[in-house]
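The values are calculated or read from the model by the stated rules, or taken from the named source; none is laboratory data. None of these values were measured; they are calculated from a predicted model. All Cβ positions, glycine included, derive from the backbone under ideal geometry; neighbour counts span all protein chains shown. Keep in mind that these areas ignore ligands, DNA and RNA; they rest on the heavy atoms of the full protein, side chains included. Shrake-Rupley method; radii C 1.70, N 1.55, O 1.52, S 1.80 Å.
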Amino acid sequence: MMQSWHDLLFAHWPIPPETLRPLVPAPLELDSFDGETWLAVTPFYLRMKPRGLPLIHKFPEMNCRTYVTFQGKPGIFFFSLDAGSRLAVWGARTFYLLPYFNAKMQATRKGTSIEYSSSRTSSLATFKAEYEPHGPVRTALRGSLEHWLTERYCLYTHARGRLYRGEIHHAPWPLQDANCHISENTIAAAAGIQLPAAAPLLHFARELNVLIWPLHRAS
């Protein structure tokens, strides 16, 4: 399918590997940068068009993720994905075997800032923030932390005793620095992860177009 991601915030925290390791399936190895492993909460607005279908589906989405490798190939592992579309949640759980959840979500752009809220319908997993970009648009330098965090071109999911990989393709992220005030955030806690008290590392991307392929067995 084709997707377009809009008004996306990367909020990253360093998390001890001993916290993440029990929550990541054993075939995957935790990936680290200078010895640190990271977790991200990433809200955005999504437009998607499944291949061969005329419709375009639009809704807010947010994921909670960490970074992994398998047989030397770096990728993303999701602890949760919340979406403001029951159809998208059903499709992703059925065909992509990903831990999607229904949520009441709203993303409103006011000038350059985004007011974003999400409340999962099945549990007390909430997120509320206002964020905006500042500074020039840039692509991350290869070898930098922001390149390591953002330039990843596959996802992994583990289901039915098997590991699967989904390939994605896009141009380099058009990143900006970001300001953000998070007033509620229990997304990581719902996955059993305690965030540190330190402020997150923030990046913003206004728009990115993405191609996504079907899952295939990784092992």
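Quick rundown of the values:
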{"quantity": "Stokes-Einstein diffusion coefficient of the chain, Kirkwood radius over Cα pairs, 4 °C, 1.567 mPa s, in µm²/s", "calculated": "73 µm²/s"}
{"quantity": "The chain - charge dipole about Cα centre, Lys and Arg +1 at Cβ, Asp and Glu -1, debye rounded to 20", "calculated": "960 debye"}
{"quantity": "Average accessible surface area per residue within the chain, 1.4 Å rolling probe, Å²", "calculated": "48 Å²"}
{"quantity": "Partners for Lys104 among aspartates and glutamates (Cα-Cα distance below 16 Å; same-chain residues under 8 apart left out)", "calculated": "Glu61, Asp82, Glu115, Glu184"}
{"quantity": "Theoretical gain in end-to-end length, Leu23 to Ala171 [0.36 nm per residue, Cα-Cα removed]", "calculated": "50.2 nm"}
{"quantity": "Percent accessible area from carbon and sulfur atoms, the chain, protein chains only, probe 1.4 Å", "calculated": "56 percent"}
{"quantity": "Sequence ranges 64-73, 207-216, 24-33, ranked by mean other-Cβ count within 10 angstrom, highest first", "calculated": "64-73, 24-33, 207-216"}
{"quantity": "Shape parameters for region 6-51, alpha-carbon atoms, Rg then Dmax in Å", "calculated": "14.4, 40"}
{"quantity": "Local electrostatic count at Glu130 - Lys and Arg +1, Asp and Glu -1, tallied over other residues with Cβ under 13 Å", "calculated": "-1"}
